[in-house]
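Have a look at the structure below, then the notes.
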Amino acid sequence: MAYPESVLYAPFASVRPPIMSVSSASDAAPASPVRWAWQPLPPRQPAEPLARAWLAAQLGASAERLPLQRDGRGRPRLQPPWADWDCNWSHSGEALAVALGRDVEVGIDLERLRPRARALELAARFFAAEEVAWLHQAPSAAVRDHAFLRLWCAKEAVLKAHGHGLAFGLHRLRFADGGGALRLVACDPALGRPADWRLVELRPAPEYLGALAWRARAGV
């Protein structure tokens, strides 16, 4: 499976870590409104304080005073004076990924690679029929599990950006693999048009897969 070279990633551990931006496809294209970074997450270390520290550093704010609240579905939301920014984070195993964007709705998902004995069973329950068929075409269990996780990360990133998370339904959006990169080809009208969404697959470390998704905020 290929991953786009335009995706920049690196660990962050300092108080003011480097910004990881999603580069434009060409010099003439507008700069991406989204940045992201990842870092190791020590065992039993809560993810939110580390995510808050990175977000605060990017916004030039104090982590303790960063106006970050959870909405009714538990999604983090930045409050004034940064209400035009959106953020999201995900942790898996011993790693954390955080995303930040302005005038967008952004979602990020990170998953650790490991054998998925129930991949086809879960896909049959929660994925679109075309996606299940694609998984069945995998030449080996390892390739199938890799593809399953790519789909899972992509779906969860979009649904987290949308704000409803997995409860909205993984079956209500469908991806296709085109030239080694996933693209959203169909979705429930509540998610808008597939063309509204941008998706970038992430590989921050050899043992992790992820996805970053965003769309312009309504009215922007």
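Throughout, read-outs are computed from the coordinates displayed, never taken from laboratory work. Computed from a predicted structure; not experimentally measured. Quick reminder, even Gly has a Cβ in these numbers, built from the backbone with ideal geometry, and neighbours come from all protein chains shown.
Each Cα pair under 8 Å and six or more residues apart adds its sequence gap; the mean of these over the residue count of segment 128-220 is a relative contact order of 25 percent. State whether segment 20-216 is rounded, prolate or oblate according to the following rule on the C-alpha gyration tensor (a ≥ b ≥ c being the square roots of its eigenvalues): a/c under 1.5 gives rounded; otherwise a/b larger than b/c gives prolate, and the remaining case gives oblate. Because a/c hits 1.5 or more and a/b exceeds b/c, segment 20-216 counts as prolate.
Per-residue Karplus couplings for segment 146-163, computed as 6.51 cos²θ - 1.76 cosθ + 1.60 with θ equal to phi - 60°, are listed in order as 5, 5, 4, 5, 4, 5, 4, 4, 4, 5, 5, 4, 5, 5, 5, 5, 4, x Hz, Gly and Pro entered as x. Computed from phi, the 3J(HN,Hα) profile of segment 136-143 under the Karplus parametrisation 6.51, -1.76, 1.60 (θ = phi - 60°) reads 5, 7, 4, x, 7, 5, 5, 5 Hz, with x in place of Gly and Pro. Each Lys and Arg contributes +1 and each Asp and Glu -1, all at the Cβ; summed about the Cα centre of segment 20-216, the dipole is approximately 320 debye.
Spin-label model, Arg112 to Ala129: label points 7 Å out along the Cα-to-beta-carbon direction sit 3.7 nm apart. For segment 146-169, list residues with backbone N below 20 Å from a point placed 7 Å from the Cα of Ala138 toward its Cβ? Under 20 Å, as judged by backbone N against the label point of Ala138, lie 146-158 of segment 146-169. Along the chain, the exposed loop sites are GluC sites (Glu not before Pro) outside DSSP states H, G, I, E and B with at most 11 other Cβ atoms within 10 Å, and the longest stretch free of them is 65-220. Mean separation of Cα pairs under 8 Å and 6 or more residues apart, divided by the residue count, gives the chain a relative contact order of 19 percent. Loop sites by DSSP among the trypsin sites (Lys or Arg not before Pro) of the chain, restricted to those with at most 13 other Cβ atoms within 10 angstrom, leave 119-220 as the longest stretch without any of them.
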